[in-house]
1. Per-residue accessible area for Ser16 at 1.4 Å probe radius, Å² rounded to 10?
2. Can you give me the % of accessible surface on the range 35-86 that is carbon or sulfur? Probe 1.4 Å, all protein chains present, nothing else counted.
3. Tell me the volume per residue, in Å³, of the convex hull enclosing the alpha carbons of the range 1-84.
4. Only loop residues by DSSP count here, and only those with at most 14 other Cβ atoms within 10 Å; note down the GluC sites (Glu not before Pro) in the range 9-93 that meet that.
5. Ignoring ligands, DNA and RNA, what accessible area per residue does the range 1-85 give at 1.4 Å, in Å²?
6. I'd like the trypsin sites (Lys or Arg not before Pro) in the range 1-53 restricted to DSSP loop residues with at most 10 other Cβ atoms within 10 Å, sorted by number.
7. What ³J(HN,Hα) values, in whole Hz, does the Karplus curve 6.51 cos²θ - 1.76 cosθ + 1.60 give for the range 26-43 when θ = phi - 60°, with x put for Gly and Pro?
8. Can you put Phe70, Phe58 in order of accessible area, largest first, using a 1.4 Å probe?
Amino acid sequence: METTKTPRVSKREFISRVATRSKLPVRVVNKVYESLLGELTGAVSCGEAVVLKSFGRFYRQDHKGHKTRFGKDNVDDYVVLKFSASSSFNRRLGGNGDDASRDTYGAIRDADKFENVIEGRELRPAP
């Protein structure tokens with residue numbers, strides 16, 4: 001059986017790419033990233049499903065523990081995070097990654113306004 005290495009993107013590289021695409025400072029993108037993951041973790045750990053339209057659904061799945069063989073410790077009940085991609089997101093996976101929808105550009109414009117508020121600058125009209 002042959003194994004292939006899948007290319008990976010580190011957290012630092014991911015944040016850098018988002019900052020470049022959105023033309024936001026890396027530190028702002030990092031704050032948003034940390035806040036997003038914190039809120040997602042909190043909601044899912046409380047039993048809520050987080051549904052992001054046109055992306056997918058994050059939810060908690062409980063697993064029952066089980067006995068093991070050969071004298072190892074038994075596995076206790078445990079919880080895992082599950083993700084189910086939306087059908088529209090799955091369709092986009094086959095397309096060109098540089099194509100962004102109008103919604104994406106709207107989100108970038110909104111993030112620009114958010115950055116101006118954080119930085120204490122005056123809001124400029126969106127293009």
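1. Here the residue's solvent-accessible area equals roughly 50 Å².
2. 53
3. Taking only Cα atoms, the range 1-84 has a hull volume of 182 Å³ per residue.
4. Of the GluC sites (Glu not before Pro), the ones in loops of the range 9-93 whose Cβ has at most 14 other Cβ atoms within 10 Å are Glu48.
5. In whole numbers, the range 1-85 has 87 Å² accessible per residue.
6. Lys5, Arg8, Lys23, Lys53
7. 4, 5, 5, 4, 4, 4, 5, 4, 4, 5, 4, 5, x, 5, 4, 4, x, 5
8. Phe70, Phe58
The values are calculated or read from the model by the stated rules, or taken from the named source; none is laboratory data. Quick caveat, the model's predicted, so the values are computed rather than measured. For neighbour counting, all protein chains shown are included, and Cβ atoms are generated from backbone atoms with ideal geometry for every residue, glycine included. With ligands, DNA and RNA removed, areas are computed over all heavy atoms of the protein, side chains included. Shrake-Rupley method; radii C 1.70, N 1.55, O 1.52, S 1.80 Å.
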